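The structure appears below as structure tokens.
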Amino acid sequence: MEETSKIPGYEPSRLERAVRSGQFVVTSELGPPKCADAEYVRQKADCLVGRVEAINVTDNQGANVRMCNWATALLILERGGEPVLQFTTRDRNRLAIQADLIGASALGIKNAFVVSGDHITLGLHRMARQVSDVDPMHVLQIVKRMGDPGVLDSGEELRNSPKQPLCPVRFFIGAAENPFADPQEFRIMRLAKKIAAGADFIQTQCVFDIERFREFMADVRNKGLHEKAAILGGIVLARTVGALTFMKTRVPGISIPEEMVQRMERAKEQKRSEEEGIAIAAEMIQQCRETEGVRGVHLITLEREELAEPTLQKAGLLPRPSF
């Protein structure tokens with residue numbers, strides 16, 4: 001990771017400072033509402049602000065229409081939180097992506113997360129055209145070059161006129177990776193390419209199978225990739241056996257041991273599924289924390305942001321340190 005904190009006039013984000021501090025980092029996620037309900041965002045943000053370093057704002061998740069990500073991010077900033085603005089390549093061409101990045105930077109947003117996005121066929125707008133003008137690897141390069149040397153994808157410099165000063169747009173840049181999809185050699189190769197393209201931090205697919213995750217991290221360490229980008233283990237708070245079974249059988253690229261499903265089944269019979277889901281998430285956090293090379297976790301509460309605090313409390317990660 002480039003030491004951006006040494007660039008004159010650049011103030012790194014809280015997330016960047018947290019990563020560079022060497023402390024174990026915690027981020028979470030907030031899905032924008034399906035309507036213009038600003039209070040919904042404020043209430044959700046209040047559950048996370050002060051409990052995590054940054055809040056990932058999804059971008060039309062599930063290929064369905066939601067409040068736009070930058071408006072949601074502004075509401076999070078209003079509540080004292082720090083957003084990570086997610087950009088999918090599904091809905092925008094390279095002009096729109098770069099315009100949104102410039103606008104987000106002007107509004108004080110300092111973290112960007114690049115992902116391809118759920119396919120159009122998974123949502124309710126199946127007649128929509130999937131844009132996918134550029135792939136996530138290319139977008140990572142675009143975001144990186146907008147910060148250094150300060151040029152657009154066309155090569156045009158970020159300045160209003162030849163006589164005006166250069167105005168780079170700098171972000172702390174994130175990308176996704178799946179440790180559980182085969183072949184693993186390809187995943188390590190792709191991770192290395194994403195880091196080379198500009199990724200400063202990586203959020204992984206949700207971790208339930210800790211043994212496979214540790215195998216992946218061993219390969220990451222062998223390549224020295226954990227020293228080039230911060231690896232954040234994805235943690236999903238599954239509150240019911242139905243949710244866990246759905247992920248195990250219907251979501252590609254997720255590895256969930258059968259004994260974990262059985263554990264949630266027993267909890268269901270005892271009417272304590274939510275409590276057990278929190279316990280499992282806290283255990284996964286702790287095991288990620290004990291895995292060499294893991295720099296933090298990304299907690300996904302599946303729109304139950306109020307459960308972030310008890311989960312992190314149980315994992316021993318509250319209160320958060322200051323950066």
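For residue 92, what is the net charge nearby, where nearby means another residue's Cβ is under 13 Å from its Cβ and Lys, Arg count +1, Asp, Glu -1? Before the final figure, lay out the partial values.
On the way: positive: 90, 94, 129; negative: 59, 91, 100, 133, 135, 153.
Cβ neighbours under 13 Å give a net charge of -3.
How high is the relative contact order of the stretch 4-314? Use alpha-carbon pairs under 8 Å, at least six apart in sequence, and give a whole percent. All intermediate terms of the calculation are to be shown ahead of the outcome.
Values: 567 pairs, mean separation 54.1, N = 311.
Once divided by the residue count of the stretch 4-314, the mean separation gives 17 percent.
Using a Gaussian network for the chain with springs between C-alpha atoms less than 10 Å apart, which of these wobbles most: 177, 156, 11?
Most flexible of the set in this elastic network: 156.
Could you work out which residue, out of 231, 280, 202, moves most in a Gaussian network model of the chain, that is, has the largest mean-square fluctuation with Cα springs under 10 Å?
280
Quick one: dipole size for the chain, taken about the Cα centre, charges +1 on Lys/Arg Cβ and -1 on Asp/Glu Cβ, in debye to the nearest 20.
Numbers: 43 positive and 44 negative charges, 69 e Å.
Rounded to the nearest 20 debye, it is 320 debye.
Taking the chain as a Gaussian network, where each spring joins two C-alpha atoms under 10 Å apart, which residue of 154, 21, 255 fluctuates the most?
154
Can you sort 298, 125 by how many other beta carbons sit within 10 Å, fewest first?
Values: 298 28, 125 12.
Fewest to most other Cβ atoms nearby, the residues stand as 125, 298.
Roughly what angle does helix 69-78 make with the longest principal axis of the chain, taking Cα atoms, 0 to 90 degrees, to the nearest 10?
Helix 69-78 and the main axis of the chain meet at about 80 degrees.
Roughly what % antiparallel, to the nearest 5, for the DSSP beta bridges in the stretch 4-314?
Numbers: 1 of 36 bridges.
Antiparallel bridges make up about 5 percent of those DSSP assigns within the stretch 4-314.
Between rounded, prolate and oblate, where does the stretch 1-113 land on the alpha carbon gyration tensor, with a ≥ b ≥ c its root eigenvalues, rounded for a/c under 1.5, else prolate if a/b exceeds b/c?
Values: a/c = 1.90, a/b = 1.25, b/c = 1.53.
Oblate, since a/c reaches 1.5 and b/c is not below a/b.
Starting from the Kirkwood radius over alpha-carbon pairs of the chain, derive D by Stokes-Einstein at 25 °C in a medium of 0.890 mPa s and give it in µm² s⁻¹. Before the final figure, lay out the partial values.
Values: Rh = 20.2 Å.
Answer from the Stokes-Einstein relation: 121 µm²/s.
From the Cα gyration tensor of the stretch 47-159, with a ≥ b ≥ c the square roots of its eigenvalues, which class applies: rounded if a/c is under 1.5, or else prolate if a/b is larger than b/c, or else oblate?
Working: a/c = 2.06, a/b = 1.02, b/c = 2.02.
Taking the square roots of the gyration eigenvalues as a ≥ b ≥ c, the stretch 47-159 is oblate.
Listing 40, 10 from the residue with the fewest other Cβ atoms within 10 Å to the one with the most, what is the order?
Numbers: 40 17, 10 13.
The order, fewest Cβ neighbours first, is 10, 40.
Quick one: check the C-alpha center-to-center distance for the stretch 15-90 versus the stretch 288-322, whole angstrom.
15 Å
To the nearest 10 degrees, how steeply does helix 94-106 sit against the main Cα axis of the chain, on a 0 to 90 scale?
Between the helix axis and the principal axis of the chain, the angle is about 90 degrees.
Starting with the fewest neighbours, write out 20, 266 ranked by other beta-carbon atoms found within 10 Å of each beta-carbon.
Details: 20 17, 266 12.
Ascending Cβ contact count within 10 Å gives the list 266, 20.
Largest first, please: the extent of the C-alpha atoms of the stretch 119-204 along each principal axis, to the nearest Å.
That works out to 51, 35, 17 Å along the principal axes.
Angle, helix 184-197 long axis vs. longest principal axis of the chain, Cα atoms, 0 to 90°, nearest 10?
So the helix axis and the longest Cα principal axis differ by about 30 degrees.
Please figure out what share of the DSSP beta bridges in the stretch 96-240 is antiparallel and state it in percent, rounded to the nearest 5. List each step's numbers first, then the result.
Working: 1 of 13 bridges.
Roughly 10 percent of the beta bridges in the stretch 96-240 run antiparallel, per DSSP.
Around residue 225, what is the net charge, scoring Lys/Arg as +1 and Asp/Glu as -1 over all other residues with Cβ under 13 Å from its Cβ? Could you put the intermediate results ahead of the total?
Working: positive: 187, 190, 193, 194, 221, 223, 228, 295; negative: 177, 200, 219, 227, 292.
Once all neighbours under 13 Å are counted, the net charge is +3.
Every read-out reported here was derived from the displayed coordinates using simple, explicitly stated rules and does not represent laboratory data. Keep in mind the model is a prediction, meaning the values are calculated, not measured. Glycine gets a Cβ as well: all are built from the backbone with ideal geometry, and neighbour counts include every protein chain shown.
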